[in-house]
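So the structure is just underneath, and the comments pick up after that.
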Amino acid sequence: MTKKKKVIRVSVSARQALMAAHHCGKSAVYDALSFNSESEQAQLIRLQALEIYGGKLTERIIFN
């Protein structure tokens, strides 16, 4: 069985800029971009990743 999961792809430099802008660590940015977190901060990280840092919303296939 497979599922599709949304993920936002950004460059390494964009992830570093998001960490600096939000004063958070790698895991917070990763969780936000992979939709593993729904906090207010995660929503803002996703919005900025798409609108400011050129992120691309894609889907990845998860095999169970």
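What order do you get for ARG15, ARG46, ARG9 when you list them from fewest to most C-beta neighbours inside 10 Å? Intermediate results must be reported in sequence, preceding the final value.
Details: ARG15 18, ARG46 22, ARG9 13.
Result, fewest neighbours first: ARG9, ARG15, ARG46.
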Practice task
With the convex hull built on the Cα atoms of the range 2-63, state its orientation-averaged projected area in nm².
Solution key: 3.9
Handout entry: the range 2-63 - charge dipole about Cα centre, Lys and Arg +1 at Cβ, Asp and Glu -1, debye rounded to 20
Key = 360
Handout entry: chymotrypsin sites (Phe, Trp or Tyr not before Pro) within the chain, DSSP loop, no more than 15 other Cβ atoms inside 10 Å
Key = PHE35
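Bear in mind these aren't lab numbers, they're just calculated from the coordinates by the rules spelled out. Computed from a predicted structure; not experimentally measured. All Cβ positions, even for glycine, are placed from backbone atoms using ideal geometry, and neighbour counts span all protein chains on display.
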